Structure formats: structure tokens, C-alpha cells
1. Scan the range 131-149 for residues that are open to solvent by less than 40 Å² (accessible area, probe 1.4 Å) and under 13 Å from Phe83 (Cα atoms) and report the count.
2. Restricting to strands (runs of 3 or more DSSP E) lying wholly in the range 176-222: which have 2 or more residues that are open to solvent by 70 Å² or more (accessible area, probe 1.4 Å)?
3. Looking at (1) more than 17 Å from the chain's Cα centre (by Cα); (2) at pLDDT 85 or above; (3) not acidic (Asp, Glu), which one does Ser4 not meet, given that it meets all the others?
4. (1) of a type outside the set (Phe, Trp, Tyr); (2) at pLDDT below 70; (3) open to solvent by 50 Å² or more (accessible area, probe 1.4 Å): which one isn't true of Val260, the others all being true?
5. Tally time: how many residues in the range 46-62 are polar (S, T, N, Q) and either at pLDDT 75 or above or not in a loop (DSSP other than H, G, I, E, B) (or both)?
6. With the checklist (1) modelled with pLDDT under 95; (2) open to solvent by less than 80 Å² (accessible area, probe 1.4 Å); (3) of a type in the set (Phe, Trp, Tyr) in hand, flag the one item Trp67 doesn't pass.
7. Of all residues in the range 1-31, count the ones that are in contact (Cβ under 8 Å) with a residue 60 or more places away in the chain and either within 24 Å of Gly157 (Cα to Cα) or surrounded by 14 or more Cβ atoms within 10 Å (Cβ to Cβ) (or both).
8. Applying the selection to the range 114-146, what residues are more than 24 Å from Ala72 (Cα to Cα) and of a type outside the set (S, T, N, Q)?
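The values are calculated or read from the model by the stated rules, or taken from the named source; none is laboratory data. Predicted model only: the values in this text are computed from it and were never measured. All Cβ positions, even for glycine, are placed from backbone atoms using ideal geometry, and neighbour counts span all protein chains on display. Note: accessible area is taken over every heavy atom of the protein model, side chains too, but ligands, DNA and RNA are not part of it. Shrake-Rupley method; radii C 1.70, N 1.55, O 1.52, S 1.80 Å.
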Amino acid sequence: LAESFDAQVPWVMCNGAAANSTVSTYNGNDGEKDGFARSHFKERPNEPLAWTENEQWFGTWTGEGDWDDRAASEVAKSVANWFAVGAAHHVYYMWFGGNHIEHWAASGLTNAYADGALLHADTIPNEPKYSHLGTLHKILGDVQESMLASPLPNPAGVLVGCAGDKRAVMFEYTKGKTPVAFLLNKGSEKLSCTYRDQILEIQPDSTLIFSISDKKVIFDTHTDDTRVQREYTTVVDLNDATKWTFEQEALPSSERKHGVSASDGIRATSLLEHTVVSKGDSAYVWYSADLVVPDDSDLGQFMLSGAGEIVVEVEGRKSAAYYL
């Protein structure tokens, strides 16, 4: 199916459910700890290791089962370990907890649906997560030259001796101008380890990033996870508002796009990216299609809902929705 569309862009499918000609990616909380990275290198050695959703939230309208309590240390450790084993790609889901608007919008979700992300839904940084992860990103940028120049390490890492006959797991990138090592403590006790003549203290379930050339730790995923509480002040009481106004978004002009004017519509037999059609003129694209059902069909009827989906009703039972 993916090949037949000839979309001219890579297709990704997540969590092992990847078809041929698609890139298998990870969604979850810790792709290294969950074993996805090791299995990916074994089963798909010619594909990049990609993480499409580092989950920062789970928010619903009802609030039942919601959580947004992933600590800065835990998230930083998951990101550092992901790149330690040789990852090429990583995306937070989400980075900003309120970007459920315009081109980001989906049915049935509130704008503040990911308030526990690195930026709260009100645009206030979620500290210490925001700054701690920001520092990690800068460090990874500083050492990227050596990480890209070096061969991929063994996905299982190399054991490093620690006091009390304990072991840490180490991944090294020694080529280039910024050689670096990642030392992982996967246990529940603090480790005191010797690496390149340096004694390093590694907190439980955390990772150190070590500059080989400078012989010092340049980042520790462990941090004080005490949250900075937000304070609010009422600026205006909306109950006192006496007049509400609205703006109507202009429809796209009749300028010709893809050889067809907007009034005529755009016809295609393959997938089109939303912005290719709208050119940013509108957050909305209207779709039309002819659905032909034979008179003797058992399909019943099609219904177009207000949420932008087609529902097929068969013998009084509604199928799963097909979103436009």
C-alpha cells in the first residue's frame, strides 16, 4: 500500500508494526530500556534508529487516568541513553503542551492536552524539565561531530568496573574532535566507577556523559526533580465581558495551484500534504469524493460526521471512523 501511493517521502510505522518499505520507529517512554533499540539493530540493520513519540503526557477530557508526572531526570536519561546506543532521530510528544491548534488540530482534544510537556500549555517553561533537557540538547549538539564520525557501538555496550564488584554500561564515540562516552547506571544503587583514570559517581538509574578529551563529566541526567510551581493572577474576569467578536478566516483565492484553480478543486490519485494544497492560506481543506454503493450491497449507509470523519453503518452497527 505504501509503495503504491508513491508519496516520495519516507513512511514510518511504530513499535514493530512496520511493513516493507517503511521505517520502523519507537513510541513510548524509554526505547533503550524497553529493548527496542537492540532488536531494531538486529532486525533492521540498514534503517536509522528513530523515536517518533517520547511520551510526555496522557490527557483526556474527563481527566480519568491522566498523568504528566515524568520527572526531568527520567526523561533526560531516556534521551541520553537513546543516543548513547546510536540513535539518529528523536521527537518529544509533545514539546509544547498547548499546540493543538490550526494545522496541529485533531478531533476531540483540548488545546491544553499535554500540560506536562517541557513547555506548559500556557507557554510557561515546565521546570526543571525544560532547562535540564535544554542543556542535554546543547551537549548532544556539541559532541555530534564525533558521534557521527565514529562507528556505531555494540548495542549491548561495554561493562565498566565499579566499587563493590558492580558494573556500569559504557558506550564510546572516539573519532573526531569531540570524543565522548556515555556511562549508564541501570541499577537502584549509586555506583562509584573508574573510567579513564577518573573516579565517577553515578546516581541510580541515571547516565553520565563524559568528555574523553577534557576528562570530565559534561552532563548528568540526574537532577533535583522538585517542580517549580506556577502562580496565577486574574487579569480579567471573562464573566464581565459584555461583547464578543469573531473573525472569519478568508477562503483561499482562485490563484491557480497545481494547474487547477481553487474554485475547480485539486484532483489527485495519490496523497497530498495539507500545506501543499492550501499553501498556508487556510487551516482547513475541504475534501469531496463519490462513494458508490451497489443497490444490492449489504453495507447499509455512509454518514459524514461533524468531526471530519466517515462512518460506515452495517446492519445498525457503526464501524470505526475513517478520518478525512
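1. Here is the first cut: in the range 131-149, the residues open to solvent by less than 40 Å² (accessible area, probe 1.4 Å) are 132-134, 136, 139-141, 143, 146-147.
So of that shortlist, the ones also under 13 Å from Phe83 (Cα atoms) come out as 136, 139-141, 143, 146-147.
The qualifying residues number 7.
2. Details: elements: 180-185, 191-195, 198-202, 206-211, 216-220.
Where strands (runs of 3 or more DSSP E) fall fully within the range 176-222 and carry at least 2 residues being open to solvent by 70 Å² or more (accessible area, probe 1.4 Å), they are 198-202.
3. Of (1) more than 17 Å from the chain's Cα centre (by Cα); (2) at pLDDT 85 or above; (3) not acidic (Asp, Glu), only one is false for Ser4: (2).
4. Here Val260 clears every test but (3).
5. If we filter the range 46-62 for residues that are polar (S, T, N, Q), which is where we start, we get 46, 52, 54, 56, 60, 62.
Pick out the ones that are also either at pLDDT 75 or above or not in a loop (DSSP other than H, G, I, E, B) (or both) and you get 46, 52, 54, 56.
The qualifying residues number 4.
6. (2)
7. Of the range 1-31, the ones in contact (Cβ under 8 Å) with a residue 60 or more places away in the chain are 5-7, 25, 27.
Filter once more, keeping what is either within 24 Å of Gly157 (Cα to Cα) or surrounded by 14 or more Cβ atoms within 10 Å (Cβ to Cβ) (or both): 25, 27.
Counting residues in the range 1-31 that are in contact (Cβ under 8 Å) with a residue 60 or more places away in the chain and either within 24 Å of Gly157 (Cα to Cα) or surrounded by 14 or more Cβ atoms within 10 Å (Cβ to Cβ) (or both) gives 2.
8. Step one: of the range 114-146, the residues more than 24 Å from Ala72 (Cα to Cα) are 145-146.
Across the range 114-146, the qualifying residue is only Glu145.
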